[in-house]
Amino acid sequence: MATDTGELIRVSGLTRRYGTRTVLDGLDLEIAPGEFVALLGRSGSGKSTLLRALAGLDDDASGDGAITVPAQVSVIFQDARLLPWQRVLDNVVLGMDGAEEKGRRSLAEVGLAGRERAWPNELSGGEQQRVALARSLVREPRLLLADEPFGALDALTRIKMHGLLRRLVEQHRPAVLLVTHDVDEAIALADRVLVLENGKITAEQRPGET
Ligand code: ATP
Ligand code: MG
């Protein structure tokens, strides 16, 4: 079970299985408050499984291990979709009480001021990704879990999104665990880059250090 015991994120001996298939196999991980960690690993290595475990959204998997996360966790899923029948601002607020003003501010932060009343299908892919980011930030998470949030974007938009994410992280200071297939992206953004392999963290690098 995930418990709230302050800001340090700690995973120890985490095992996750789907049926008899073991995906995470005694994984250990710590993330400091405000630290930006990028997670690399082959397709099928268990990155999304780890994020779902951290978010407490993995009822379809079995296993054990201890997970400590802050109370406020936001997730941007790999297949992040906006609700098509809800306007942009409603997609950000998603029923949070009295959060309209905050929602407007978050949209402005991601460069979408004035688009509050638009429908999702009136937005480009990159704009929709920014709405997903605003939706995560409006909850003021202490841990932001992002599963390839820029996967579908072209190179130029990706670079813009990197700048935006870095700025927002500097402002709000959540710990971040970003899953990406892009090594350059990982190195450009993160304080620490991890590789998930055979159910464990097998490599670690701190960009900027030699
Ligand atoms: P990708 O980079 O392709 O997104 P990933 O590292 O995120 O891959 P996961 O989605 O965590 O990988 O999946 C890890 C393994 O667990 C895969 O072999 C996948 O087929 C299996 N798996 C994931 N979810 C389920 C599920 N709900 N039921 C059964 N098997 C699953
Ligand atoms: Mg995945």
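Read-outs throughout are calculated quantities, based only on the coordinates presented, and are distinct from any laboratory measurement. If you're wondering where the values come from, they're calculated on a predicted model, not measured in any experiment. Ideal geometry is used to build each Cβ from the backbone, glycine not excepted, and the neighbour counts take in all protein chains shown.
Can you give the calculated 222 nm mean residue ellipticity of the chain, where each DSSP H run of n ≥ 4 adds -39,500 (n - 2.57) and the sum is split over every residue, rounded to the nearest 500 deg cm²/dmol? Using -39500 (n - 2.57) per qualifying helix, the result is -9000 deg cm²/dmol. For a distance above 25 Å, tell me the whole-number percent of Cα pairs in region 57-210 that qualify. Roughly 32 percent, rounded to a whole number.
Report for the chain the percent antiparallel among DSSP-assigned beta bridges with both residues inside it, nearest 5. Counting DSSP beta bridges with both partners in the chain, the antiparallel share is about 45 percent. Between the Cα long axis of helix 155-172 and the first principal axis of the chain there is an angle of about 80°, rounded to the nearest 10. Reported value for region 49-98: 114 Å³ per residue, from the convex hull of its C-alpha atoms. The angle between the Cα long axis of helix 125-137 and the main principal axis of the chain comes to about 70°, on a 0 to 90 degree scale. Taking Lys and Arg as +1 and Asp and Glu as -1, the other residues whose beta-carbon sits under 9 Å from that of residue 14 total -2. By the Stokes-Einstein formula, at 1.306 mPa s and 10 °C, region 11-63 with its Kirkwood radius over alpha-carbon pairs has D equal to 135 µm²/s.
As a proxy for reagent exposure, ranking 83, 50 by other Cβ atoms within 10 Å from fewest up yields 83, 50. According to the Cα-based calculation, Rg over Rh for region 146-210 is 0.97, with Rh computed by the Kirkwood formula. Going by Cα centres, region 101-119 and region 134-210 are how many Å apart? Using only Cα atoms to place each centre, the spacing works out to 22 Å.
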